[in-house]
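Everything below concerns the one structure shown next.
The values are calculated or read from the model by the stated rules, or taken from the named source; none is laboratory data. Worth saying up front: this structure is predicted, and the values here are computed from it rather than measured. Reconstructed Cβ throughout: ideal geometry from the backbone, glycine too, with neighbour counts over all protein chains shown.
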Amino acid sequence: MRVIAVIVGALLLVGGGALIVVADQQRVAALEAARAAVEETRQELEELESANSELDEALSALRSQIAEQEKQLADTTGLLP
């Protein structure tokens, strides 16, 4: 009976060790996936900030044009060019 108990105990010990190794590998893989997702999100954010900056410049130019046109429309004397 002792031999069986030792064999079962050794199998449980090896199985537990293998389970810990597999769990650690899964944790490392999940951590790498999370880091990749963060990096991808950062790149997307940089692209969106760049696009937002370009749109902001275009919007400023359009607002200036609108202000100039409103100024011309508001001139009832006709003296402005």
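Taking the conditions exactly as written (at pLDDT below 90, part of a helix (DSSP H, G or I) and not acidic (Asp, Glu)), does Leu73 satisfy them or not?
Considered against the rule, which asks whether it is at pLDDT below 90, part of a helix (DSSP H, G or I) and not acidic (Asp, Glu), Leu73 comes out as yes.
If only one of Leu31, Leu80, Leu59 is surrounded by 10 or more Cβ atoms within 10 Å (Cβ to Cβ) and modelled with pLDDT under 90, which one is it?
Among Leu31, Leu80, Leu59, only Leu80 is surrounded by 10 or more Cβ atoms within 10 Å (Cβ to Cβ) and modelled with pLDDT under 90.
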